[in-house]
Amino acid sequence: MTHPRAATIVGLYQTRQARTLPGRTSQDIVIEAVKGAIADAGLQPRDVDGAAIDWPGPGGAPRDAENWAMYLQQPLAWVDSHHLDTAGVRGVLKAAAAVEAGLCDVAVVGSGRAGPFSTDGTSPGANMNLEFAEPFGSFVMAQFAVVAMRHMHEFGTTPEQIATVSATIRNHGHVNPEAAMFGAGPYTVADVLASPMIASPFHRLDCCLMNEGGCALVITTAERARDLPRHPVRVLGGGMEFFQGNYANPPLYRQMRELGRKAVARAFGRAGVAPADIDVFSLYDPVSFEIIRQFEMLGLCAEGEGGAFIENGRLSLGGSCPTNLDGGMLAGSWTGTGQLTLKVIEGVRQLRRVNEHRQVPDAELALISNAGSGAQHVELMILGRA
Amino acid sequence: MNTNDDEFALAPGVMPTPTLPSISTLTRPFWDAAAEGCYILPRCNACGRHFFRPEVACPHCFATDWAWVPASGHGTLYSYSIVHKAPAPGFAVPLVLAVVELAEGPCVWSNVVGCAHADLRIGMALQVRFEEVSRGVHLPRFEPRGGDGDARPS
């Protein structure tokens, strides 16, 4: 029996995702996403009393979700404002907790980015003190790379296996009209390995995009969802794990091998299902290797066997672990924080069963993950079709 | 090439860095020692363990009583990536971004220099080599350690 206040995702919207969106600003992209998600839920702005929505400005304190009371036309009952709380698994889990606790009844989570990157201030690393990292040439892809290199050293994971992930997910984006890289490719493993090296073992096609776009979600109670038009999708369980602040100290594989395992146990324990029950995976893919590590984290294969696990079409539609059928961040979109939310949106759409040619038949359970080993934190969530 | 100082020139063979450390009161002793050719680390007076980067409190035991102590400058290569895309204009690529496991315990970011890429081996013995990258700023990079310590996988 579902609790009447059980957190339920009832609305979603993503703007166009593209390398650039000429003429657009972050503020108007977020507004489009928020309006769109509320409309998708069959609600009006004044129905929303909780906001974990980025506020790029102009006007008001940048980032403060309180600013949204102006557009939502009432004082807000609950807000969250950190750039990682206005997006993705972390944002949805906090909004879900707020809804279930009765702090608010209808919450929106959303963010977006457009316009010149350098003046936007949305880069999570913009204000970090990386005194003992950056002078040596450290950057995000290279931080993920040292984890992958150690995994290859310890277990013999091959460049071809890593490239298989890239080719598979990029080919999902190849056929998704909403992906920023729609139409690009298709790619073979050889194509990935022939693309320029960025930071070994990662070639350009192993690395996620950087682009513009916005997206938002609406979360409410199971009771309220009954009167709304979309098929409800429940937040069944979640887990988060933060090893340390990211990018200052090196991610060590011997520590990262454990990262996420407690979050997995917490999320699946709460949901009352097992990783083997998941029908569709929407996993964080800042680089291709992270997919391999996450299947090990989930316990769907033994540590060190992730490279072999993803072979033979397992990640494709029709495989036993269909993964990132929207093209993920490798071919779909990465906008700073919006990609965190797009992971959730893809899971919700699969459970609404509206994805047509990339739909997993009869999908009941979806696993959503954010972040990863290089960033030294993991958030994940299990969604279920009501 | 010049960095921030028109009169400063890198010594031959020294890799440039366009991203200089943002030195604070907390971290100043490390860079001052580096300029003297000394590799020092914070060591906790409560639990006796070394740590890095410098922090107000010991990450092992939360004590705030710690001191800078001389370190061996020895370590092993825990992992690395050969960076081909310059993270900022002015880096000379390819460069070796390394995670060095120091003999005293902490793992730190650095570069491996003086070693052909084909000879890089995880587990290889390394020793610190300070390189002046801007006037008075000496970066602790690492090179293969001599004796029989060359390129031995862990």
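Since every read-out is calculated from the coordinates, none of them should be taken as a lab result. Everything numeric here is computed off the predicted structure, so don't read it as measured data. Cβ placement follows ideal geometry from the backbone for every residue including glycine, while neighbour counts extend to all protein chains displayed.
What are the radius of gyration and Dmax of the range B:1-98, computed over its Cα atoms and given in Å?
According to the Cα coordinates of the range B:1-98, Rg and Dmax are 16.5, 45 Å.
When Cβ neighbours within 10 Å are restricted to other protein chains, what is their mean count per residue of peptide B:121-130?
What the average comes to for B:121-130 is 1.
Starting with the fewest neighbours, write out B:V56, A:V218, B:V133 ranked by other beta-carbon atoms found within 10 Å of each beta-carbon. Display every interim value, and only then the final one.
On the way: B:V56 7, A:V218 30, B:V133 24.
So the ranking, lowest neighbour count to highest, is B:V56, B:V133, A:V218.
Going by average Cβ density within 10 Å per residue, which order do the peptides B:106-113, A:166-173 take, highest to lowest?
Details: B:106-113: 23.0, A:166-173: 26.2.
Averaged packing, sorted descending, gives the order A:166-173, B:106-113.
Taking N as the number of residues in the range A:175-318, what value does Rg over Cα atoms divided by 2.2 N^0.38 Å take?
Normalised by 2.2 N^0.38 Å, the Cα Rg of the range A:175-318 equals 1.25.
Could you pull out every one of the lysines with an alpha carbon less than 23 Å from that of A:K262, ignoring same-chain neighbours closer than 8 positions?
Output for A:K262: A:K94, A:K343.
Taking Cα atoms, how many degrees apart are the long axis of helix A:26-40 and the longest axis of chain A, rounded to 10 and kept between 0 and 90?
Between helix and principal axis, roughly 70 degrees.
Quick one: Debye curve from the alpha-carbon atoms of the range A:1-126 only, equal weights, vacuum; give me log10 I(q)/I(0) at q = 0.09, 0.16, 0.20 Å⁻¹ to two decimals.
After summing over all Cα pairs, the log10 values are -0.24, -0.75, -1.14.
Enter the mean number of other protein chain beta carbons within 10 Å of the beta carbon of each residue in A:146-153, as an integer. All intermediate terms of the calculation are to be shown ahead of the outcome.
Details: counts 8, 3, 2, 8, 5, 1, 2, 8.
That average works out to 5.
Using Cα pairs under 8 angstrom and six or more residues apart, how large is the relative contact order of chain B, in percent?
With pairs under 8 Å counted, the relative contact order is 23 percent.
With the contact rule set at Cα under 8 Å and sequence spacing of 6 or more, what percent relative contact order holds for the range A:242-386?
Result for the range A:242-386 is 34 percent.
Tell me, in nm to one decimal, what length is gained between B:E143 and B:A35 on full extension, where the rule is 0.36 nm per residue of separation less the Cα-Cα distance?
37.1 nm
At q = 0.07, 0.12, 0.13 Å⁻¹, what is the base-10 log of I(q)/I(0) for the protein assembly as shown according to the Debye formula with one equal point scatterer per Cα and no solvent? Please give it to two decimals.
Here log10 of I(q) over I(0) equals -0.41, -1.13, -1.27.
In a solvent-free Debye calculation with one equal scatterer on each Cα, what is log10 I(q)/I(0) for the range A:107-239 at q = 0.16, 0.18 Å⁻¹, listed in the order of the q values?
Per q value, in the given order, log10 I(q)/I(0) is -1.11, -1.18.
Given charges of +1 on the Cβ of Lys and Arg and -1 on the Cβ of Asp and Glu, with all other atoms neutral, how large is the dipole of the range A:214-333 about its Cα centre, in debye to the nearest 20?
380 debye
Starting with the highest mean, order B:84-92, A:289-297, B:68-76, A:29-37 by the number of other Cβ atoms within 10 Å, averaged over the residues of each peptide.
Top to bottom by mean Cβ count within 10 Å: A:289-297, A:29-37, B:68-76, B:84-92.
Taking chain A as the reference, fit the longest principal axis to its C-alpha atoms, fit the long axis of helix A:159-174 to the helix C-alpha atoms, and give the angle between the two in degrees, 0 to 90, nearest 10.
40 degrees
For A:D49, which sequence-distant residues (separation of 5 or more, or a different chain) have an amide H within less than 5 Å of its own amide H, given hydrogens modelled in the peptide plane?
A:D105, A:V106
Using only the alpha-carbon atoms, how far is helix A:88-100 inclined from the longest principal axis of chain A? Give it as 0 to 90 degrees, nearest 10.
For helix A:88-100, the angle is close to 40 degrees.
Rounded to whole Hz and in sequence order, give me ³J(HN,Hα) for the range A:193-198 from the Karplus expression 6.51 cos²θ - 1.76 cosθ + 1.60, θ = phi - 60°, writing x for Gly and Pro.
Once rounded to whole Hz, the list reads 5, 8, 6, x, 6, 9.
Tell me, what does the Kirkwood hydrodynamic radius of the range B:42-117 come to in angstroms if you use every pair of distinct C-alpha atoms?
Value: 14.1 Å, from the Cα pair sum.
If each DSSP helix of 4+ residues adds -39,500 (n - 2.57) and the sum is divided by the residues in the protein assembly as shown, what number results at 222 nm, nearest 500 deg cm²/dmol?
After summing the helix terms and dividing by the residues of the protein assembly as shown, the value is -7000 deg cm²/dmol.
Restricting the count to DSSP beta bridges whose residues both fall in chain A, what percent are antiparallel, rounded to a multiple of 5?
Just about 80 percent of them are antiparallel.
Could you grab the relative contact order for the range A:2-148? Cα pairs under 8 Å, six or more apart, rounded to a whole percent. All intermediate terms of the calculation are to be shown ahead of the outcome.
On the way: 210 pairs, mean separation 39.0, N = 147.
After rounding, I find 27 percent.
Starting with the highest mean, order A:79-90, A:10-21, B:42-53 by the number of other Cβ atoms within 10 Å, averaged over the residues of each peptide.
Descending packing order for the listed peptides: A:79-90, A:10-21, B:42-53.
Per residue of B:53-59, what is the mean number of Cβ atoms on other protein chains within 10 angstrom of that residue's Cβ? Walk me through the intermediate numbers first.
Working: counts 7, 2, 2, 0, 0, 0, 2.
Per residue, the number of nearby Cβ atoms from other chains is 2 on average.
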